[in-house]
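Asker: Would you mind keeping the following structure in view while I ask a few things?
The values are calculated or read from the model by the stated rules, or taken from the named source; none is laboratory data. Predicted model, so just to flag it, every value in this text is computed and none were measured. With ideal geometry, Cβ positions are generated from the backbone for all residues, glycine too; neighbour counts draw on all protein chains shown. Each accessible area value is taken on the protein alone, full model and side chains, heavy atoms only, with ligands, DNA and RNA left out. Shrake-Rupley method; radii C 1.70, N 1.55, O 1.52, S 1.80 Å.
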Amino acid sequence: LPAAVGALCRALPPRARPAPDTLRRARFDRPQASLDFWRLLYALLKQIHGGTWTESGAIDNQIRFVKSALWYHGYGRPELYRLPSDGSVGSRELLLAFSWLLHRISLLEQLLARNRVKTGDETSVCTCEDALPNSQKSTTEMAPVYGPGDRIDVRYLQWLNGRLRFQWRSLHAQHQEQCKLLHKIHLFTSGSHMDQILGHFSVTETDLIRQPENYKQLLQLLESETMQLEAFLEWKQLEPVYWQWMETVLDNMAEEGNLCESQDAHVEKSGLPKATSYCPWADGLTGQIDRLSRDLMTLRDQLHKLVTHRKAAWCEKVKTREEELQKEGFSAAARKIQESVELKLLDLTSLCAPEKKKMHGSCRLVFRSKHPASETGFDGCVSKEPVSAVSAAEVIRDLQLREASLGRELKQLQEECRRRLDEIAQGLDQVICIPP
């Protein structure tokens, strides 16, 4: 176990690396480890979500962020959210949350990918479907319901939408400017790289040529990353030992919970009258059977009433729908049904099509001209094997198909909203609605 915990701690980023004793103290729910664990989760989740963090932040703000991030990822254990905001207790609950993140969202893999030293020019490419995982779908079902007093002004939402659009355009303009500068660097250094597959320098390599003294810092970063990767490999070999240890932690928690329940039950039973000596359990069992029988009869009557009510409501809904179809005409309804069926068929065609490897993650940007560096470059002893690459045209084509599918879905939703607004407007007296 000490080797597994040590490898796990060394595989974490240096700035957020805990002491191995922190995990061992948390197993016994020591309050001394609570603050360290809150800070650890805050630092790790901040890096996962791409934010900057400082160790001097207020502990209550850090705890609030950790709880929000765990809720976002789908952690549903209520005991953690009941912990106080001063970080005085709850180290074992935090150990469970940390282990859950290790298993559920591949915490170490994400941290290694985000903190990787980038020596080449990279960009993120994603053509996957933006479907939510099951864990995040479950969190939306548990979202709080706002009452009438919690309504938000529509003008505030419009202002937020406009601000978001402005920031999106600014980000797009900055990205375009970055692409232009990268293209200049790749074009001017074309044919200068020893690797014939690349053929040009990256921004980091160009900066090292201009300022050679910076190579020491880059070398230190690469050595630190290498140590993390070695620790990660050691952790993958010792990971089963860690999970066996976590099973013992869960067993201890279950034993303590059963002990508390037995004590509560003993306190409750102490005030009850003594049972008869000849059959101490017969009276209680008979009473339970009678109560269960009455409850079953009540549930049967309620289900019968509910089924009758639902059936009547459904018949009324079908009758109303038939009247609506007669009013608006069969052709309009058939056209809507046909559009819906076409949209479903397009989605079904994409699902039944041969599985195409979706692109997701970071890709290195490589400049390709009509005369690649493999033909006009150096003749040194370098690997000439082709590497897996993706062109911008392929990404653009996939994004255009996705845009067309989303456009059709948006149009269908707009039609449904327009129809619902028309139905609502018809029920308003002395009100004239002018469509935009």
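Asker: With N denoting the number of residues in the stretch 391-435, provide Rg(C-alpha) divided by 2.2 N^0.38 Å, to two decimal places.
Answerer: Taking the Cα Rg and dividing by 2.2 N^0.38 Å, one obtains 1.93.
Asker: In addition: What does the accessible area per residue of the stretch 391-435 come to in Å², with a 1.4 Å probe and no ligands, DNA or RNA counted?
Answerer: 89
Asker: By average Cβ neighbour count within 10 Å, what is the ranking of 296-305, 25-34, 94-103, 68-77 from highest down?
Answerer: The densest-packed peptide leads the list: 94-103, 25-34, 68-77, 296-305.
Asker: What shape does the stretch 59-116 take by its C-alpha gyration tensor, where a ≥ b ≥ c are the square roots of the eigenvalues and a/c under 1.5 counts as rounded, a/b above b/c as prolate, and the rest as oblate?
Answerer: Here the stretch 59-116 falls in the prolate category.
Asker: Along Cα→Cβ, 7 Å out, is where each label goes; now give me the distance between the ones at residue 222 and residue 207 in nm to one decimal.
Answerer: 1.5
Asker: In what order, largest first, do 125, 318, 431, 249 sit by accessible area if the probe radius is 1.4 Å?
Answerer: From most accessible down to least: 431, 318, 125, 249.
Asker: Tell me the net charge near residue 246. Cut-off is 12 Å between Cβ atoms, residue 246 excluded, with +1 for each Lys or Arg and -1 for each Asp or Glu.
Answerer: It works out to a net charge of -1.
Asker: If you don't mind, another one. Let me check something: with ligands and nucleic acids excluded, how do 434, 63, 337 order by accessible area (1.4 Å probe), largest to smallest?
Answerer: Largest to smallest exposure gives the sequence 434, 337, 63.
Asker: While we're here: Arranged from highest to lowest average of other beta-carbon atoms within 10 Å per residue, in what order do the peptides 228-240, 418-430, 4-16 appear?
Answerer: 4-16, 228-240, 418-430
Asker: Now for a different question. With the crude spin-label approximation of a point 7 Å out along Cα→Cβ, what separation in nm comes out for residue 401 versus residue 425?
Answerer: 3.9
Asker: On a 24 Å Cα-Cα criterion, which of the cross-link pairs 46/118; 118/184; 67/236 come out too long?
Answerer: 67/236
Asker: Quote to one decimal, in nm, the extra length available between residue 109 and residue 250 on full extension: 0.36 nm per residue of separation minus the C-alpha distance between them.
Answerer: That pair, residue 109 and residue 250, stretches by 48.3 nm at full extension.
Asker: On to the next question. P(r) tail for the stretch 1-120, what percent of Cα pairs lie past 25 Å?
Answerer: Above the 25 Å cut-off, the stretch 1-120 has 17 percent of its Cα pairs.
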